[in-house]
Amino acid sequence: MSCATQLSPGTKPEDIFTKPAQSKTDMVSPESQAHAQLLHQTRQMVEAIRRTCDILEKSTNFAAAAGPAIKVNEELRKLQRSLQEQKEVYEAQLQPLEEKLFSQLQEAIRGDLHDRALRLVKKRVREEIVNSINKELHLQIPRELHDQTAKHQSQMLEVSISIHNSEARSKNTTIRTANEHIHQLWLPSVKKAHSKFPPTVRALAEKSAEDVDLLLGAYNINIHHHSTGKEPSAELTEKMNHFLNFIGVRLRVVPTPSTGKEGKKSSSTLVISACQ
């Protein structure tokens with residue numbers, strides 16, 4: 001390269017275009033300017049290539065590091081597509097099943113459930129009708145008639161108890177031994193016997209004076225006698241026999257006095273005896 005002007009050491013060729021001209025003798029030739037411009041452009045191109053290489057190197061390193069993640073992401077996308085396809089298949093199978101189940105439920109409602117609901121409705125309607133009728137009757141019927149109805153119910157209870165007791169007394173007349181079963185009599189106001197009612201004549205003979213008094217009071221059995229001079233055992237025996245007579249039993253409790261070693265009387269014994 002021949003230059004019309006000598007360049008000082010350390011001076012770059014492109015600097016000649018940026019520095020002010022010192023004199024006419026410092027001006028470069030057009031050929032030198034062209035070479036300097038070409039050198040500048042070449043340097044810019046090399047710098048651009050260098051930056052591109054750096055970017056490619058970084059991109060290569062990033063791709064190498066992100067490769068497994070990208071592969072996992074691709075597998076997840078494949079799995080997602082597979083699940084979506086299975087979902088569509090299941091939904092296609094589920095729709096006819098839902099329609100069939102809905103149809104069966106409708107049939108059940110029209111069948112058993114419908115009948116059950118109808119029975120409940122009828123029962124409820126009947127209850128409402130009965131309640132309404134009772135309420136209306138209560139308003140329409142005079143109070144005197146209500147009182148008569150209550151009195152009639154009480155009379156019916158008395159008649160029922162009387163019939164039962166008459167039948168029990170009739171059966172008790174056939175008892176011939178002390179261990180035969182006694183047919184219980186109902187109490188005057190309720191359809192049940194007293195809790196102390198004896199199952200047999202022997203059981204009655206073994207009861208205490210307190211239990212016998214309870215039975216006499218519960219069944220309104222009145223004894224008209226004078227207990228003056230009577231021993232307690234004789235008085236108790238008399239009460240037992242009154243009770244037996246009241247319930248229709250022909251057996252009687254007869255005390256058998258006997259003296260033991262200590263001079264005490266023994267307990268009562270039972271004998272068969274007709275009513276006197």
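The values are calculated or read from the model by the stated rules, or taken from the named source; none is laboratory data. Just so it is clear, the structure is predicted and the values come from calculations on it, not from any experiment. Using ideal geometry, Cβ is built from the backbone for each residue, glycine included, and neighbour counts are taken over all protein chains shown. Heavy atoms of the whole protein, side chains included, go into the accessibility calculation; ligands, DNA and RNA do not. Shrake-Rupley method; radii C 1.70, N 1.55, O 1.52, S 1.80 Å.
Inter-label distance, Lys123 to Leu76: 6.0 nm, where each label sits 7 Å from its Cα along the C-beta direction.
Taking 0.36 nm per residue of sequence separation and subtracting the Cα-Cα distance, how much length would be gained by fully extending the chain between Glu99 and Val190, in nm to one decimal?
On the way: separation 91, 0.36 × 91 = 32.76 nm, distance 6.36 nm.
Result for the pair: 26.4 nm of gain on full extension.
Which pairs in the list Lys196/Lys230; Lys171/Lys230; Lys151/Lys171; Lys196/Lys239; Lys207/Lys230; Lys135/Lys191 are over 21 Å apart, alpha-carbon to alpha-carbon? Beyond 21 Å between Cα atoms: Lys196/Lys230; Lys171/Lys230; Lys151/Lys171; Lys135/Lys191.
Roughly speaking, what is the stretch gain from Val46 to Leu157, that is 0.36 nm per residue apart minus the C-alpha to C-alpha distance, in nm to one decimal? Walk me through the numbers on the way to the answer.
Details: separation 111, 0.36 × 111 = 39.96 nm, distance 12.85 nm.
27.1 nm is the gain from fully extending Val46 to Leu157.
For segment 35-84, the solvent-accessible area with a 1.4 angstrom probe is 88 square angstrom per residue.
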